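Only one structure is covered here, and it is reproduced in the block below.
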Amino acid sequence: MSTFSCHISDTSSGISATHSYQIERPLVSATINAEDRISCETITLLSNHDTLSFDAASYDENAFNQAFFPKTDAHFHVTKQKHSHILLLLSPYTCSIYREI
């Protein structure tokens, strides 16, 4: 079974946006841990391909006065059953997704 954690960092202010966004992922039980990360521990992938959707529109409106990147999808391919951390870096002018190893 694979597990993953994720969070959004606001690179313009240097703070986490964890409590201001929603993550859409079917069949996942998620909790916010002490590091402001969303931990998803009970994932059963039906295939090796999956999508994690970050809905940051509310945070964008409050932090940047616009929602230029209101929703960002991370499509990923799991080949080994292990833990992955997916991070969305967000600012008024850019967004970037990467996986920590």
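The values are calculated or read from the model by the stated rules, or taken from the named source; none is laboratory data. Not measured: the values here are computed from a predicted model. FYI the Cβ positions are ideal-geometry reconstructions off the backbone, even for glycines, and counts take in every protein chain you see.
Considering only the stretch 83-97, how many residues are under 22 Å from residue 67 (Cβ atoms) and in a strand (DSSP E or B)? Write out each step before concluding.
Step one: of the stretch 83-97, the residues under 22 Å from residue 67 (Cβ atoms) are 86-97.
Those left that are additionally in a strand (DSSP E or B): 86-90, 95-97.
Number satisfying all stated conditions: 8.
Go through the stretch 41-82 and report how many residues are part of a strand (DSSP E or B), surrounded by 13 or more Cβ atoms within 10 Å (Cβ to Cβ), modelled with pLDDT under 85 and in contact with a Phe, Trp or Tyr (Cβ under 8 Å, 6 or more places away or on another chain).
So the first thing to find is which residues in the stretch 41-82 are part of a strand (DSSP E or B), and the list is 41-43, 49-55, 71-77.
Then drop every residue that is not surrounded by 13 or more Cβ atoms within 10 Å (Cβ to Cβ), which leaves 41, 43, 50, 52-55, 71-72, 74, 76.
Checking which are modelled with pLDDT under 85 leaves us with 41, 43, 50, 52-55, 74, 76.
Keeping just the survivors that are in contact with a Phe, Trp or Tyr (Cβ under 8 Å, 6 or more places away or on another chain) gives 43, 50, 52, 54-55, 74.
The qualifying residues number 6.
May I ask you to verify whether residue 18 is hydroxyl-bearing (Ser, Thr, Tyr), within 13 Å of residue 3 (Cα to Cα) and either at pLDDT below 75 or over 16 Å from the mean Cα position of the chain (by Cα) (or both)?
On the way: hydroxyl-bearing (Ser, Thr, Tyr): yes; within 13 Å of residue 3 (Cα to Cα): no; either at pLDDT below 75 or over 16 Å from the mean Cα position of the chain (by Cα) (or both): yes.
When the stated conditions are applied, residue 18 does not pass them.
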